[in-house]
Amino acid sequence: MKNRLFVNVIGCGYAGCECALSLAEKGLKVHVFDDRDIVKRQDDEGLEFATKKQFADKLLKKELEFLGSKLIKIEKELESQGLCDSQILLEKAREKVKNNPNIRFFDMTVKELNFDEINVVATGPQTNKELFDHLVQTFGARKCFDCFPVFAMVENLDEKLFCHKGENLYLPLSYNEYIDFVNTIILKLNFEILAKGNMPAKATIEYMAMKDKDMLRNEYMAPIYLENCPQRPYAILKLEKTGQVYQISGFSSQLSTEAQKAILLSLKGFKDCMLVRAGQTKQNCYINAPYMINEFCQSEKISNLFFAGNIAGVFGQTESIANGLYVANNVFSYYNEKRFVKLPDKTCLGFMMQKIIKTNNFNYSKFEPIFADYDIIESEQKFASQFEKEKFLIFRSKFLLEKYKEELKNGKYV
């Protein structure tokens, strides 16, 4: 018999706080484990590179407010006092967690999980190494990652030398061209990193080039058939159109910007290119969500285990709060042996979860945590003004989520 006396929430960041407070309000006993010291969050320039539509963020917050998010309520109270700092929000949320009568807070590190108990892992990007190793041992190293690659972006390419497929570009390389590319990476690696006695981080181009000459080819540069390529190349560099620039698949690195420029300039088609954003790696533990959890953030392998927040595949403060609330609803249904209720697709929250779970990801190492996909705000319906459009979309979300809340309340037993 599984232990259903309480729910463990491991991690007390945005997702963990929202999940714990929501479950506690529903009457469940919650044990929260967290040993972190709150430090001021730094802005990650390299991560939030896509333009975030202001209204879309507003729409997601409206949805959370309608669903009764505890952290959004705290945020509104702080805003009424002229306080909008994210660090203060987290401090206030953690204070409410520690003072809630249905929650026991343990200032301690969790190194492994008891799968006879209901667990929510909401440890965020800095997951304890022992716990992350435990997840790797349980699910496999190719489903758990300990760094977040930020791929390089370029513009001003000589597109005549590339193969085209839709808006994306593909640079075919012969065996000699590919080996020259790998050798250039190794040259820069020896000069900048190995000379200092450091080892390159996993998932970087220099790590893969050092590990095996064909590792890049087997991972990100695997040759594929293209109609407009005269013959099958030995390797292909893939560039995805992102706005007005191209993101180079797999090109994350710890090398200097100058070294990365030199590596790219060694390739045909890159003679006059501009490096808009250098490749980076961020320490950020997460799971390969499409292979590990279902659309309710429940482990496919262990029914008592749920993931929330950054480690589950979302990135951003509001997104983590949203995911934490959603997981709390699902854990409550599971606790009471009721059927899970699916989120409406035509809401920011619902579309975000569908994007995470249904990512067409054939390469284990390609999945990355995402911001909420705000494409949902695009509507085929024409509006006289932006105000009318916003009014309609907020109304639609409220209508759809009203049905979701009703189903949660009157959910059928399994």
Residue within segment 129-141 that is among the small types (Gly, Ala, Ser), in contact with a Cys (Cβ under 6 Å, 6 or more places away or on another chain) and more than 22 Å from Lys261 (Cβ to Cβ) present
no
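Taking strands (runs of 3 or more DSSP E) that do not extend beyond segment 92-202, which have at least 1 residues that are of a type in the set (Val, Ile, Thr) and touching a residue at least 24 places away in the same chain (Cβ under 8 Å)?
Numbers: elements: 103-106, 117-121, 148-150, 153-155, 163-165, 168-173.
So the answer is 103-106, 117-121, 148-150, 153-155.
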When Asn361 is run through (1) modelled with pLDDT under 60; (2) crowded, with 16+ Cβ neighbours inside 10 Å, the failure sits at (2)
Collect the residues in segment 300-354 that are surrounded by fewer than 20 Cβ atoms within 10 Å (Cβ to Cβ), among the charged types (D, E, K, R) and not in a loop (DSSP other than H, G, I, E, B), keeping them in residue-number order.
Lys338
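Would you mind finding the one in Ala152, Ala50 that is hydrophobic (A, V, I, L, M, F, W, C) and modelled with pLDDT of 90 or more?
Ala152
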Can you name the residue in segment 234-246 that is surrounded by fewer than 22 Cβ atoms within 10 Å (Cβ to Cβ) and not hydrophobic (A, V, I, L, M, F, W, C) and, of all such residues, is farthest from Asn156 (Cα to Cα)?
Tyr234
Per-region count, segment 108-127, residues surrounded by fewer than 20 Cβ atoms within 10 Å (Cβ to Cβ) and within 19 Å of the chain's Cα centre (by Cα)
2
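Here's the yes/no breakdown for (1) of a type in the set (D, E, K, R); (2) farther than 26 Å from Thr127 by Cβ:
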{"residue": "Ala262", "(1), (2)": "no, yes"}
{"residue": "Gly279", "(1), (2)": "no, no"}
{"residue": "Glu295", "(1), (2)": "yes, no"}
{"residue": "Ser299", "(1), (2)": "no, no"}
{"residue": "Ser303", "(1), (2)": "no, no"}
{"residue": "Asn310", "(1), (2)": "no, no"}
{"residue": "Leu325", "(1), (2)": "no, no"}
{"residue": "Tyr335", "(1), (2)": "no, no"}
{"residue": "Ile357", "(1), (2)": "no, no"}
Please find, among Ala235, Ala203, Ala209, Ala195, the residue that is more than 26 Å from Gly166 (Cα to Cα) and touching a strand residue (DSSP E or B) at 6+ places or on another chain (Cβ under 7 Å).
Ala203
What do you reckon, is Lys96 within 24 Å of Leu28 (Cα to Cα) and surrounded by 14 or more Cβ atoms within 10 Å (Cβ to Cβ)?
yes
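Residue by residue through segment 1-27, note down the ones that are polar (S, T, N, Q) and either at pLDDT below 95 or not assigned by TED's automatic domain parsing to the domain that holds Phe307 (or both).
Asn3 - this is the single residue of segment 1-27 that is polar (S, T, N, Q) and either at pLDDT below 95 or not assigned by TED's automatic domain parsing to the domain that holds Phe307 (or both).
The values are calculated or read from the model by the stated rules, or taken from the named source; none is laboratory data. Every value quoted in this text rests on a predicted model; they were computed, and no experiment measured them. When we count neighbours, we look across all protein chains shown, and the Cβ atoms used for this are built from the backbone with ideal geometry, even at glycine.
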